[in-house]
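Working notes, structure below.
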Amino acid sequence: MASVRFACPLDCFDACGLVAEIEDGRVVRIRGDAGHPFTQGKVCIKGKRLLQRQFHPERLRQPLKRVDGKLRPATWEDALDTLAKRLTAIRQGPGTQAVLHYADGGYEGISKKVDEIFFNCYGGVTVPSGSLCWGAGIAAQNYDFGMARSHAPHDMAKAKMILIWGRNPAATGPHLVPFIQQAKKAGARIILIDPLSTATAHLADTHLRIRPGTDGALALGMAHLLVKWGMLDDAWLTEKAMGWRRFVATLDSCTPHWSAAETGLSVAAIEALTEAYGSAKPAAILMGIGPQRYRNGGATVRCVDALAALTGNIGRSGGGVSYANRHTSPWISTLIKASAALGKNRRRFPLPCLADALAHTRDPAIEMAVITKANPLVQAPDTEALKRAFDTLPLSVVFDQFLTDTARRADWVLPATTILEEEDLVFSGMFSPYLVYSPKIVDPPEGVMSEYEVFRQLARRLDLKDYPDVDKPTFLERCLAPLTSRYGLTLADLEKHPFCLPGTEVPWQSGAFDTPSGKYEFFSGRAAEAGHGPLPLYSPPRRGDDAYPLRLLTPHRHDSMHSQGFAFEAGITEAFAHPDELEKAGVTAGRRVRLISELGAIEVMIAADKRVRRGVVMIYEGWWQRSGAVNQLVAQRISEMGTQAAYYDTFCRVEMI
């Protein structure tokens, strides 16, 4: 039995190294790569499910074309000719802005980002700006640091305290857990701040179940005490920070009593947390995406960043605020960025408002939508409005491995390859610092064409002379060129072992930041220019009312990357609420109920769960429409910075059916 190393392509924190075991030309097992320096032979259920997707009987194996209202088999020749003719007609008629391209993180290999290059070479189309995932936090850390960077996994083991803030690594980044456990074994205290009692709570010495959306108030309350108790690193602040005295001057009213009233935590708990964090050197903050999924999400992250800066935990081994990790992306994405100059007609819309963009964009209106690496009719807000808008499009095209809810409504569905069928370079912008080579292991099923080849053939049909019409190895070598030039890295090197940029284990260790001032910026002129407060601040989150009293939280499930794992789920959506809330609503646990928001209702199976905070109903995101897609309840709201979907500013009520 042969074994081949490859990389997991899921939009995940860990970008795991995997091994495919091959028998008679068929992959029969997937296991972890023991030689990967971070994931070290461990593989989560999501990675194992790659094999299930590979051979599932419902996997798409030929193009589908809508004829008389139904999707029917078609040839690739028909598909490519039809799309090329339509793209040509649009370019010659209303212009390239009449094409909307929507791509997201369904596959994290660099080769499938040729879709962006294609539409740039086409002249620029209507594309989204912002994020369904992490945009507010990215914007916040861009203001504070100049870029979002995380400490290396092994560096976290050096922390004397780890503050896990709204993150659940036990479920969504399990390869970090051993490093947290190493720190704990060495005496580090682990504190979790999360309104939900997640699997990570078992790792923590203390769990603070904060009122959702008030994390910024907790951070400012802590900052007030750090100042009051003389726990600032004045030398670091004076040398490496800008605007810190102006920030400190805003903290007088942010007393522990004010913070307690906002967060639902006790004054004693806030004081104990501040004492623990302020006295531990080094202290690490592991920041999750949950706290920034509100309209105040970006400001929240800025407030949390400020704690690390006040205490001098930036640029210190074992410290930092690890939210996302953009070390590798600037080096490997240069071809895509260079092509952006060709997209002179590019037009943008807020990504969380896809339904509005499809329905209301004019001059020109959208005549063709192309969806790649995404399932927005499950994942995007206000999916009912999105379905209506999608159905009115003159032409819609979806690339996918399965007939998702988005694919089912398309005019053309083009089958996509899997990571086992692609040669690629894989990296994570979320946490793992490693770039991994992934070879082509097996051929795709007959009738399936690589997206790399699809866009290459379309570029030929449209005579896009600037498009990189080269074979895959040449394309990957060009992507790698900046690293080859700087570090001598080659594809042959990557075939032997993953690569981590030297000197990135501890971000900002040199004291030079990527901000305009070159310092950590408490006071951000760029934030002010963008219409935000220049200093970290707190604004209360949206509140519920008598009609819709329960805040809806939709975290990630441990066994599915967004909606991908739910391809194999046929049951009804499950919801969880505290027993007291069910009693208050007159609802019986274990029954099918109706969950109602301002937008509509879905039917769910409700469970009583004391791990869910009072005032909250929790559903794992990703359930398909057949089960009850939760984003039917979520309006198209946006965070104050980063154009992030404010999913968690949704309120609902529960009723018996």
*Yes or no: R461 of a type in the set (D, E, K, R) and over 29 Å from the mean Cα position of the chain (by Cα)?*
yes
*Which ones in region 163-207 are part of a strand (DSSP E or B) and under 24 Å from the mean Cα position of the chain (by Cα)?*
L163, I164, W165, I191, L192, I193, L196
*Which one is least open to solvent (accessible area, probe 1.4 Å), of the residues in region 563-593 that are over 19 Å from D546 (Cβ atoms) and of a type in the set (D, E)?*
E569
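When you check I332 against the structure, is it surrounded by fewer than 24 Cβ atoms within 10 Å (Cβ to Cβ) and either in contact (Cβ under 8 Å) with a residue 12 or more places away in the chain or touching a helix residue (DSSP H, G or I) at 6+ places or on another chain (Cβ under 8 Å) (or both), yes or no?
yes
So that you can scan it fast, the table gives a plain yes or no per residue for (1) in contact with a helix residue (DSSP H, G or I) (Cβ under 6 Å, 6 or more places away or on another chain); (2) open to solvent by less than 20 Å² (accessible area, probe 1.4 Å); (3) assigned to a loop (DSSP other than H, G, I, E, B); (4) touching a residue at least 40 places away in the same chain (Cβ under 8 Å):
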{"position": "T39", "(1), (2), (3), (4)": "yes, yes, yes, yes"}
{"position": "V43", "(1), (2), (3), (4)": "no, no, yes, no"}
{"position": "K48", "(1), (2), (3), (4)": "no, no, no, no"}
{"position": "R59", "(1), (2), (3), (4)": "no, yes, yes, yes"}
{"position": "L71", "(1), (2), (3), (4)": "no, no, no, yes"}
{"position": "L80", "(1), (2), (3), (4)": "yes, yes, no, yes"}
{"position": "A89", "(1), (2), (3), (4)": "no, no, no, no"}
{"position": "Q97", "(1), (2), (3), (4)": "no, no, no, yes"}
{"position": "S111", "(1), (2), (3), (4)": "yes, yes, no, yes"}
*So which residues in region 634-657 are closer than 21 Å to S560 by Cα and assigned to a loop (DSSP other than H, G, I, E, B)?*
V634
*Go through region 134-156 and give me each residue that's open to solvent by 10 Å² or more (accessible area, probe 1.4 Å) and among the hydroxyl-bearing types (S, T, Y).*
Y143
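Kindly indicate the residue of region 7-22 that is among the hydrophobic types (A, V, I, L, M, F, W, C) and within 28 Å of G288 (Cβ to Cβ) and also surrounded by the most Cβ atoms within 10 Å (Cβ to Cβ) among those meeting that condition.
Filtering region 7-22 for residues that are among the hydrophobic types (A, V, I, L, M, F, W, C) and within 28 Å of G288 (Cβ to Cβ), the one surrounded by the most Cβ atoms within 10 Å (Cβ to Cβ) comes out as C16.
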*Within region 209-233, tally of residues that are part of a loop (DSSP other than H, G, I, E, B) and in contact (Cβ under 8 Å) with a residue 24 or more places away in the chain*: 10
*Answer yes or no: is there a residue in region 359-373 that is touching a Cys at 6+ places or on another chain (Cβ under 8 Å) and closer than 26 Å to G124 by Cα.*
no
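In region 488-508, how many are without any contact (Cβ under 8 Å) to a residue 40 or more places away in the chain, open to solvent by 20 Å² or more (accessible area, probe 1.4 Å) and either part of a loop (DSSP other than H, G, I, E, B) or farther than 25 Å from K440 by Cα (or both)?
4
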*Which residue out of G106, G25 is in contact with a Lys or Arg (Cβ under 7 Å, 6 or more places away or on another chain), open to solvent by 20 Å² or more (accessible area, probe 1.4 Å) and in contact (Cβ under 8 Å) with a residue 24 or more places away in the chain?*
G106
*Hey, can you tell me all the residues within region 190-219 that are open to solvent by 10 Å² or more (accessible area, probe 1.4 Å) and aliphatic (A, V, I, L, M)?*
L196, A199, A201, L203, A204, L208
*Is there a residue in region 542-553 that is farther than 19 Å from R209 by Cβ, not aliphatic (A, V, I, L, M) and not in a loop (DSSP other than H, G, I, E, B)?*
no
*asked:* Out of the residues in region 403-451 meeting the condition of being of a type in the set (A, V, I, L, M, F, W, C), more than 22 Å from the chain's Cα centre (by Cα) and part of a loop (DSSP other than H, G, I, E, B), tell me which one is farthest from T82 (Cα to Cα).
replied: I441
*Look at region 178-189 and say how many of its residues are surrounded by fewer than 18 Cβ atoms within 10 Å (Cβ to Cβ) and among the aliphatic types (A, V, I, L, M).*
1
*Looking only at region 395-427, which residues are in contact with a Ser or Thr (Cβ under 8 Å, 6 or more places away or on another chain), free of Cβ contacts under 8 Å to residues at least 40 places away in the same chain and under 17 Å from F566 (Cα atoms)?*
none
*When you look at A201, is it small (G, A, S) and either more than 18 Å from C303 (Cα to Cα) or in contact with a His (Cβ under 6 Å, 6 or more places away or on another chain) (or both), yes or no?*
yes
*asked:* Against the condition aliphatic (A, V, I, L, M) and part of a strand (DSSP E or B), how does L595 come out, does it pass?
replied: yes
*Please enumerate the residues belonging to region 539-555 that are open to solvent by 40 Å² or more (accessible area, probe 1.4 Å) and in contact with a Ser or Thr (Cβ under 9 Å, 6 or more places away or on another chain).*
P540, R542, Y548
*From the list P394, P473, P482, which one is more than 24 Å from the chain's Cα centre (by Cα), surrounded by 15 or more Cβ atoms within 10 Å (Cβ to Cβ) and at pLDDT 95 or above?*
P482
*Scope region 240-288; condition open to solvent by 40 Å² or more (accessible area, probe 1.4 Å), more than 19 Å from P212 (Cβ to Cβ), aliphatic (A, V, I, L, M) and in a helix (DSSP H, G or I); matching residues*: A268, A272
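Scan region 610-629 residue by residue and report those that are open to solvent by less than 20 Å² (accessible area, probe 1.4 Å) and touching a helix residue (DSSP H, G or I) at 6+ places or on another chain (Cβ under 9 Å).
Matches in region 610-629: V612, V616, V617, I619, E621, G622, W623, W624, S627, A629.
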*Say we look at region 557-588 and pick out the residues that are assigned to a helix (DSSP H, G or I) and under 19 Å from the mean Cα position of the chain (by Cα); which of these is nearest to C133 (Cα to Cα)?*
Q564
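The values are calculated or read from the model by the stated rules, or taken from the named source; none is laboratory data. None of these values were measured; they are calculated from a predicted model. Glycine gets a Cβ as well: all are built from the backbone with ideal geometry, and neighbour counts include every protein chain shown. Surface accessibility is based on the protein's heavy atoms, side chains included, excluding ligands, DNA and RNA. Shrake-Rupley method; radii C 1.70, N 1.55, O 1.52, S 1.80 Å.
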